[in-house]
Amino acid sequence: MGVAEDCEPPLKRVKGPLEESKSLPEDHSTTKSVSCSLGDQMARPLTSQGDGETIGSQGVIRKAEFIKIITRALYSLGYDKSGALLEEESGIPLHSSVVNLFMGQVTDGKWDDSVATLRMIGLSDEIMKPACFLILEQKFLELLKMEKVAAALDTLRNEIVPLHVNLDRVHKLASCIISPSQCIRLGISGQDTEGTKLGSKILEKLQKLLPAAIMIPEKRLEHLVERALDVQREACVFHNTSDSDLSLYSDHQCGKNQIPSQTLQILEAHKNEVWFVQFSHNGKYLGSSSKDHSAIIWEVKENGQVLLKHTLCGHQKPVLIVSWSPDDSQILTCGQDEVIRRWDVSSGECLHVYEKTGVGLISCGWFPDGRGIFAGMTDKSICLWDLDGRDLECWKGQRTLRISDMAITDDGKRIISVCRESAILLLDREAKFDRLIEEVDMITSFSLSKDDKFLLVNLMNQEIHLWSIEGDPKLISEYKGHKRTRFVIRSCFGGLDQSFIASGSEDSQVYIWHRCSGELLLALPGHSGAVNCVSWNPGNLHMLASASDDGTIRIWGLDRFNLKDGEQSNGSNHQCNGRS
């Protein structure tokens, strides 16, 4: 392209001989019926692991905790009989008798009894006092509802206030005595106060206050399993599949076959070097631009085949870039030092030509709402136009370079452009405030992440830098290995959660790194000229496109993917089963 100006089930409690010889209590109808329904195999203890307090190969799992968490999960899933059976068979109760008594009292709305029982559990004041406050507050509100104002006042004065916690809340409760309607206005009594339903809600709140060892948290087992899956996923450098593919039956580990690495198609409709490619936001189209003065809209079929849809002609000079409208119904093409054209994707018709007398246009993009466009000029200014070409805003001065990328965040507040050879301007349109990213070498291109939080910057020194642009700009990672000496080489984010970085290279290969670790994962050969630009399909995690000086666009997919035979493109198109 153009030369850059000098980038297995759970273990049960093992019963001893004495325990095995003991019979069940006479009143055990529930347990007996459960045991019979599940069968003798379900009732027998698991293989002995010894009488120690830990289980597992590393000896770090406390057996009692493990059993309690499983029991809690069974109850949470509605398997009450199984939960009760596990408690009976393991000899490890989910909760102590005092805690069970406390929970029953709260559920039944026995506030005074529950406070008395809570004090028997042996909690520190910093935990017990807020818990007592929560219970006594419900007692207070219940007395008010029954119009027992004197009793409510007594509870407030002699039980709640002496706790010396949450004084602001105490003042609000006091206002409810003066004006009961205040409770509704303050959002204090806007909850259901009917029997066990209220008790269950209070119990949920208490569970957040009390230590987990006292009351096992709801869905604790689910949380542990999800965390384990998160750790496995984060450790998988090739992870590029949806979470629905994760399984509990085996440790998760993706292979390289989850990364697009095989040429599936070679698109040859352009007649000269291809400088730019970009998939539409929905991934159903691919736009390309070339030194041959044309741009092409390609359609991505459901079977993954990419077919030529429209060739866009009209530019008198090479077409630098294309930019998709937010709804993908239109596309912009920017000629080199020339004009910007807006096209209808469905018909291929040119809808408008944007130009400025005496000034060439070198970059372009869309407003987030699709109602206007922005452009970088050869005179180093940035202009915003509505769709009809009327000027909306313009910033003069050293805002862009002759070779420049531009971007605007989805909230429309910040415009990003290369303003000096080694600096990127972050222009806040509302605050009229500029911030700079100062680089160590000449910047040749950049790419904005989908969430607008990161910027990928290509440098003349054959490095790609990842910057966080939330708050003050911060360098996060560096990627190395590709080749760049003379031309503008572009990179992109891609894959699941944009976990990968892909880039072109002057050695005719496509390079792919893991975004977080910076590890170079793949170098893909196939092109016979410099690879100028890459684009990862946002609608297909396993599709990547690359544009090259060899005049072709390569569509990369998974090794196991077999492209179905289908209709042929009305442009020259090769289908490949290997890296040809």
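Here are some notes:
- Subset of region 280-290 [open to solvent by 10 Å² or more (accessible area, probe 1.4 Å) and in contact with a Phe, Trp or Tyr (Cβ under 7 Å, 6 or more places away or on another chain)]: His281, Tyr285
Rundown of residues vs (1) over 43 Å from the mean Cα position of the chain (by Cα); (2) surrounded by 18 or more Cβ atoms within 10 Å (Cβ to Cβ); (3) not small (Gly, Ala, Ser), yes/no style:
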residue	(1), (2), (3)
Ser96	no, no, no
Val106	no, yes, yes
Gly109	no, yes, no
Asp113	yes, no, yes
Arg119	yes, no, yes
Ser124	no, no, no
Ala131	no, yes, no
Leu141	no, yes, yes
Ala152	yes, yes, no
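- Counted as qualifying within region 169-236 are the helices (runs of 4 or more DSSP H) with 1 or more residues that are at pLDDT 80 or above and under 16 Å from Phe133 (Cβ atoms), namely 195-209.
- Of everything listed in (1) buried (at least 18 other Cβ atoms within 10 Å of the Cβ); (2) among the charged types (D, E, K, R); (3) not in a helix (DSSP H, G or I), the single unmet condition for Arg72 is (3).
- Condition broken by Gly471, with the remaining ones in (1) in a loop (DSSP other than H, G, I, E, B); (2) in contact with a strand residue (DSSP E or B) (Cβ under 9 Å, 6 or more places away or on another chain) satisfied: (2)
- Where strands (runs of 3 or more DSSP E) fall entirely within region 291-393, those with at least 1 residues that are surrounded by 14 or more Cβ atoms within 10 Å (Cβ to Cβ) and under 30 Å from the mean Cα position of the chain (by Cα) are at 295-300, 306-312, 319-324, 330-335, 361-366, 372-377.
- Identity of the residue in region 214-263, basic (Lys, Arg) and closer than 30 Å to Ala523 by Cβ, that ends up most open to solvent (accessible area, probe 1.4 Å): Lys256
- Taken as a whole, the structure leaves Arg435 outside the set of residues that are surrounded by 16 or more Cβ atoms within 10 Å (Cβ to Cβ) and at pLDDT below 90.
- Within the span defined as region 264-283, one or more residues are in a loop (DSSP other than H, G, I, E, B) and closer than 18 Å to Leu558 by Cα.
- The conditions of being surrounded by 15 or more Cβ atoms within 10 Å (Cβ to Cβ), of a type outside the set (Lys, Arg) and modelled with pLDDT under 90 are met by Ser404.
The values are calculated or read from the model by the stated rules, or taken from the named source; none is laboratory data. Keep in mind the model is a prediction, meaning the values are calculated, not measured. Positions of Cβ are backbone-derived with ideal geometry, glycine not excepted, and every protein chain shown enters the neighbour counts. The accessibility values were calculated without ligands, DNA or RNA, using every heavy atom of the protein model including side chains. Shrake-Rupley method; radii C 1.70, N 1.55, O 1.52, S 1.80 Å.
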